[in-house]
Amino acid sequence: MPTQKFKLNGDSVSVDADDDVHLLWVIRDLLGVTGPKYGCGINVCKACTSHINGKAFNPCSVRVGDIKDSDEITTIEGLADTSDGDLHPMQQAWIDHDVAQCGYCQPGQIMAAVAKVRQCQREGREVDDSAIEELRNICRCGTYNRIREAIKAGAENM
Ligand code: FES
Ligand code: FES
């Protein structure tokens with residue numbers, strides 16, 4: 001069985017797994033990092049949203065064999081370390097706006113929000129309703145209005 005190597009939340013990791021195993025299961029089941037949630041496994045619900053080299057992606061739909069040694073994967077567990085404070089500004093905004101209900105979708109929501117704000121900053125776009133509506137993360141509890149307000153607040157501090 002091949003040894004897979006990459007960076008996860010700032011640490012170099014190596015794990016034995018077949019190339020065809022999708023990364024979400026490597027992260028959750030083999031490495032025990034459970035922030036990225038399993039919802040659909042087919043790149044639809046976005047519950048597993050994490051970052052690869054700073055951009056949003058869905059590890060349920062990526063073979064671990066396609067991940068390079070130099071790729072840096074960040075999950076919700078490592079997000080705060082990408083900012084100066086104890087929490088990332090988007091996490092703080094989530095608390096301030098009391099966004100979570102059951103919570104299941106929320107790690108993916110926050111990771112998607114951070115990536116969207118970074119994308120808007122790169123492109124010189126405002127983080128407005130139309131930018132936020134490009135996000136496709138499903139929330140079965142219907143917290144979309146609070147998500148929208150939290151993203152705008154978090155973006156002001158990024
Ligand atoms: S579990 Fe990855 S998109 Fe649904
Ligand atoms: S908070 Fe329950 S699914 Fe989003």
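Values quoted throughout were computed directly from the atomic coordinates according to the rules given, and no laboratory measurement underlies them. Since the structure is predicted, the reported quantities are computational estimates derived from the model, not experimental observations. All Cβ positions, even for glycine, are placed from backbone atoms using ideal geometry, and neighbour counts span all protein chains on display.
What the table below lists for this structure:
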quantity	calculated
Antiparallel DSSP beta bridges within the chain, as percent of all bridges there, nearest 5	85
Highest to lowest packing among 38-47, 11-20, 137-146, scored as the average C-beta count within 10 Å	38-47, 137-146, 11-20
Theoretical gain in end-to-end length, residue 55 to residue 146 [0.36 nm per residue, Cα-Cα removed]	30.4 nm
Modelled FRET efficiency - R0 35 Å, residue 71 with residue 157, Cβ distances, 0.05 increments	0.80
Over segment 19-96, volume per residue of the alpha carbon convex hull, in Å³	101
Global geometry of segment 80-156, whether rounded, prolate or oblate, following the gyration tensor of its Cα atoms and the 1.5 cut on a/c	oblate
Environment charge of residue 67, counting only residues whose C-beta is closer than 12 Å and scoring Lys/Arg +1, Asp/Glu -1	-1
Gain on full stretching of the segment that runs from residue 119 to residue 86 - 0.36 nm per residue minus C-alpha separation	9.6 nm
Average projected area [Cα convex hull, the chain], square nanometres	8.9
Count of Lys pairs (Cα-Cα under 18 Å; at least 8 positions apart or interchain) in the chain	10
Helical mean residue ellipticity (222 nm; -39500 (n - 2.57) per DSSP H run of 4+; nearest 500) of the chain	-8500 deg cm²/dmol
Cα long-axis angle, helix 144-156 against the chain (0 to 90 degrees, to the nearest 10)	90
